[in-house]
Amino acid sequence: MENENIPRWFLELNDDEIKFVKNFLLASGSIKELAGKYSTSYPTIRKKLDKLIQKIQVNERKDNDTVVKLINQLEEEGKIDQEIAKTVVLEYSKSLNCLIID
């Protein structure tokens, strides 16, 4: 499978988040069923789901943001290094108040 067909937001998920999404789908979106599977409360699963939704939305926003696109283009062209690009995008995201707060 080629990564170019996989959305960036999905590639940003960690192993636990991917497993959670899989379990959510297998539970047909039932938070109650998922709470039973994880032996936790409905509000805990709801909070986990809300954080995941927010993470996906942030990644989608970044993909469509012209400033982030410019920074990524400069990195791809070798005009700035990867760490600088990552730091600038992170700080820019903070300034827009769109980062996930744990």
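The values are calculated or read from the model by the stated rules, or taken from the named source; none is laboratory data. For clarity, every value in this text was computed on a predicted model and none was experimentally measured. With ideal geometry, Cβ positions are generated from the backbone for all residues, glycine too; neighbour counts draw on all protein chains shown. Protein only, heavy atoms only, side chains kept; ligands, DNA and RNA dropped before computing areas. Shrake-Rupley method; radii C 1.70, N 1.55, O 1.52, S 1.80 Å.
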Some residue of the stretch 35-43 being open to solvent by less than 40 Å² (accessible area, probe 1.4 Å) and farther than 18 Å from K94 by Cα: yes
Residue within the stretch 47-65 that is open to solvent by less than 50 Å² (accessible area, probe 1.4 Å), out of contact with any Pro (no Cβ under 6 Å at 6 or more places or on another chain), acidic (D, E) and at pLDDT below 95 present: yes
Cross-chain or 6+ apart pairs with Cβ under 8 Å, the stretch 26-51 first and within 14 Å of D16 (Cβ to Cβ), then of a type in the set (S, T, Y) and not in a loop (DSSP other than H, G, I, E, B): Y38/T44
Breaking point among (1) modelled with pLDDT under 75; (2) in a helix (DSSP H, G or I), for C98: (2)
